Amino acid sequence: MLKTSIDNKATPSTLIIVYGALKGYVKHPFWFLVKTVFNASKLKKRLPKKLSGDIKNQVALISSMYLIMKEKIEKERALSTVQAIMIPVAIAVQLGNFRYAETNRSFENMKKYHEMAISESPTRTNVKEIIESSDKKYHFRVKSCLHLGLFKRLGVPELTRIMCNVDNALYNIYCPDKVLFHRDGVGNTIFEGCKYCEFICENKELRKKVSLS
């Protein structure tokens, strides 16, 4: 019945998910989506020609939706609405990248499929430094942010917050009873002015054993 496997990852239809979410927020979701896609096609022309089609579509679509909303409602509400619509879309895509339904979810598999997802992603060009990779902790830092550069190019750097929140949600959804994700405090992303984005995944099973010993 199912068609996915480790080698054949899930690829959800993002526009259908976007449309379903839009129905909860805007009065005429179909026409709003048509306008969003049309404007996104113009925004894509302002992005680097060599950029992967997937990330170009993603950045242009999010930016287009936000810019259209910002014409009608105040900025912060527009940003919150776009987040409410786009974060579930991004999570659906990322769970496919992490082989969420095709493998057992564990701390070790989280590390393994994180690396696979990164190798397949356009964001693999981001500079990454692994601080610790052990049975108890997977700690890495990303020292460049492709999304921030692209959103800046379109004049909407604040949309980078959406991608940060996708990471926050994804790593804590993946296996919440076994993996704890955090950034070691507030403000530890490039978007918020730090020199790098902090990613810390801890093995909760080992943390529990240490606390009991």
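The values are calculated or read from the model by the stated rules, or taken from the named source; none is laboratory data. The shown structure was predicted, so the numbers you read here are calculated from the model rather than taken from an experiment. Cβ atoms come from the backbone with ideal geometry, glycine included; neighbour counts cover every protein chain shown. The accessibility values were calculated without ligands, DNA or RNA, using every heavy atom of the protein model including side chains. Shrake-Rupley method; radii C 1.70, N 1.55, O 1.52, S 1.80 Å.
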In percent, how large is the relative contact order of the chain, given Cα pairs closer than 8 Å and 6 or more residues apart? 19 percent
Ignoring the sites themselves, what is the longest stretch of the chain with no trypsin sites (Lys or Arg not before Pro) in a DSSP loop and at most 10 other beta-carbon atoms within 10 Å? 73-194
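Can you give the FRET efficiency for residue 205 and residue 153, using 1/(1 + (r/R0)^6), R0 = 35 Å, r = Cβ-Cβ distance, to the nearest 0.05? Write down the numbers at each step before the final one.
On the way: r = 43 Å, r/R0 = 1.22.
Taking R0 as 35 Å, the efficiency between residue 205 and residue 153 is 0.25.
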Everything considered on the Cα gyration tensor (a ≥ b ≥ c; rounded for a/c under 1.5, else prolate if a/b is larger than b/c, else oblate), the stretch 1-59 must be described as oblate
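So which GluC sites (Glu not before Pro) in the stretch 128-213 are both in a DSSP loop and have at most 15 other Cβ atoms within 10 Å of their Cβ?
Values: sites: 129, 132, 158, 192, 198, 202, 205; in loops: 192.
Listed in order of number, the matching sites are 192.
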Run the simple label-point estimate for residue 116 and residue 136 please: 7 Å along Cα→C-beta, distance reported in nm. 2.8 nm
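For the stretch 82-125, what does the alpha-carbon gyration tensor say about shape, rounded, prolate or oblate, given a ≥ b ≥ c as the root eigenvalues, a/c under 1.5 as rounded, and a/b over b/c as prolate?
Because a/c hits 1.5 or more and a/b fails to exceed b/c, the stretch 82-125 counts as oblate.
Give me the number: length gained by fully extending residue 173 to residue 128, i.e. 0.36 nm times residue separation minus the C-alpha to C-alpha distance, one decimal in nm. Please list the in-between numbers first.
On the way: separation 45, 0.36 × 45 = 16.20 nm, distance 2.24 nm.
Full extension of this stretch gives 14.0 nm more.
Tell me the Kirkwood hydrodynamic radius of the stretch 1-109 in angstroms, computed as one over the mean inverse distance between distinct C-alpha pairs.
Numbers: mean 1/r = 0.0649 Å⁻¹.
Value: 15.4 Å, from the Cα pair sum.
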What GluC sites (Glu not before Pro) in the stretch 61-93 are in a loop by DSSP, with at most 12 other Cβ atoms within 10 Å of the Cβ? 71, 74
Quick one: dipole size for the chain, taken about the Cα centre, charges +1 on Lys/Arg Cβ and -1 on Asp/Glu Cβ, in debye to the nearest 20. 680 debye
Sort 182, 114 by accessible area with a 1.4 Å probe, largest first. 182, 114
Accessible-area order for 22, 2, 95, 15, largest to smallest, probe 1.4 angstrom, reads 2, 15, 95, 22
So what is the 222 nm mean residue ellipticity for the chain from helices alone, if each DSSP H run of at least 4 adds -39500 (n - 2.57) and you divide by all residues, rounding to the nearest 500 deg cm²/dmol? -17000 deg cm²/dmol
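Roughly how compact is the chain, stated as its Cα Rg over 2.2 N^0.38 Å to two decimals? Could you put the intermediate results ahead of the total?
On the way: Rg = 18.1 Å, N = 213, 2.2 N^0.38 = 16.9 Å.
This ratio for the chain stands at 1.07.
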Label-point separation, residue 92 to residue 3 (7 Å along Cα→Cβ), nm: 1.5 nm
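Between residue 38 and residue 102, how high is the FRET efficiency from 1/(1 + (r/R0)^6) when r is the Cβ-Cβ distance and R₀ = 45 Å? Nearest 0.05.
On the way: r = 36 Å, r/R0 = 0.80.
Calculated value: 0.80.
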Which entries in the list 44/195; 112/136; 45/152; 49/152; 44/75; 42/128 go over 26 Å, if you measure between the two C-alpha atoms of each? 44/195; 42/128
Run the reach check for residue 70 against aspartates and glutamates, Cα to Cα strictly under 18 Å, same-chain hits fewer than 8 apart removed. What comes back? 158
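Under 10 Å from the Cβ of residue 7, count the other residues' Cβ atoms, weight Lys and Arg +1, Asp and Glu -1, and hand me the total. Could you put the intermediate results ahead of the total?
Working: positive: 9, 99; negative: 102.
Local net charge: +1.
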